[in-house]
Amino acid sequence: MNEEPKKILSQFEMLSELLALFPGLNTGLIDLPDADYQIMPRAEVDKILAPAVKGFLEAYKLAKWAESFDCDNFAETAHWCAGKMHHSAVEAGHSEAQAPAIGCLSYLTDNDRGHRLNIIRTEQGWKAWEPQLQEFTPVTAQMRSEAMRISF
C-alpha cells in the first residue's frame, strides 16, 4: 500500500454499505470481524495486489483452475495476500485501519452453481474482482440477489 492517506471505514459503515448493496442478505451472513477497514484504491489492486496474487499462485504451481483449487481458493488467496500487504502498510506507518476492505463474496450463478470472488471497497465504491482473471467486474444484479455470504 502506498503512502498517500486513505479513507478508513468503520465496521458499522461497512455493514451499512453492504446491506444497501445486498438488501436480501441477512446481517448474520456478513462477517466483519475488525473494527475498521482501509479503502483499497483500484490502482493498488492492479499494480500491487494482482501481481502479488499471481506470484503466490505461480510459486505454488496453483495458477490454473482445478476441481481441488477453484474459485473459492483463488478468492481466499487474494484476501490473504491483501491482508499481508495491509499488515506491511501498518508496520510502515501508512495505515491505521485493522484490515483492508476486501472480502470474499459467495453467490449462486444463473445456473444455480456456487461461485466466489472478491468484493473490494475502492475509492469508487464497491467492485467485484475476479482473482483468477485478475480483473474487476461489475457487481451484477445476480450477485446482489443471490449472495449467500460475505466474509472479510
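None of the figures in this text is laboratory data; all of them are computed from the coordinates on show. No experiment lies behind these values; they were computed from the predicted model shown. Counting neighbours? That spans all protein chains shown, and the Cβs are built from the backbone with ideal geometry, glycine included.
Convert each backbone phi in segment 81-97 into a coupling constant with the Karplus relation 6.51 cos²θ - 1.76 cosθ + 1.60 (shift: θ = phi - 60°), then list the ³J(HN,Hα) values in order as whole Hz, x for Gly and Pro.
Coupling constants for segment 81-97: 4, 5, x, 5, 4, 5, 4, 4, 5, 5, 4, 8, x, 9, 8, 10, 6 Hz.
Find how many whole Å separate the alpha carbon centroid of segment 29-74 from the alpha carbon centroid of segment 115-129.
Between the Cα centres of segment 115-129 and segment 29-74 lies a distance of 11 Å.
Hey, can you grab everything whose amide H is under 5 Å from the amide H of S95? Only 5+ residues off in sequence or another chain; H modelled, so Pro and N-termini drop out.
Under 5 Å from the amide H of S95: V90.
R149's amide H: which non-local residues (gap 5+, or another chain) put their own amide H closer than 5 Å, with H modeled 1.01 Å from N in plane and none for Pro or chain starts?
Residues meeting the criterion, in which the H sits 1.01 Å from N, are S106.
Kindly put T27, T77 in sequence by how many other C-beta atoms sit within 10 Å of each C-beta, fewest to most. Show your work: numbers first, answer last.
On the way: T27 9, T77 20.
So the ranking, lowest neighbour count to highest, is T27, T77.
So what are the ³J(HN,Hα) numbers for segment 66-76, from phi and the Karplus equation (6.51, -1.76, 1.60; θ = phi - 60°), rounded to whole Hz, Gly and Pro as x?
Result, rounded to whole Hz: 8, 3, 8, 8, 10, 3, 5, 5, 5, 5, 5.
Please compute, for the alpha-carbon atoms of segment 8-151, the extent along each of the three principal axes and give them in descending order in Å.
Rounded to whole Å, the extents work out to 43, 38, 23 Å.
Using a simple spin-label model with points 7 Å from Cα along the Cα→Cβ vector, what separation in nm is obtained for L19 and T140?
So the label points at L19 and T140 sit 2.8 nm apart.
Exposure proxy check: R121, R42 ranked by fewest other beta carbons within 10 Å?
R42, R121
So for the pair E123, A43, with labels modelled 7 Å out along Cα→Cβ, what separation do we get in nm?
Simple spin-label model gives 0.6 nm for this pair.
Can you work out the Karplus-derived ³J(HN,Hα) for every residue in segment 36-42? Use 6.51 cos²θ - 1.76 cosθ + 1.60 with θ = phi - 60°, whole Hz, and x for glycine or proline.
8, 9, 8, 4, 10, x, 4
In percent, how large is the relative contact order of the chain, given Cα pairs closer than 8 Å and 6 or more residues apart? Display every interim value, and only then the final one.
On the way: 246 pairs, mean separation 46.2, N = 152.
With pairs under 8 Å counted, the relative contact order is 30 percent.
Hey, fewest Cβ within 10 Å first, where do F12, F56 land in order?
Working: F12 11, F56 16.
Going from least to most buried by this count: F12, F56.
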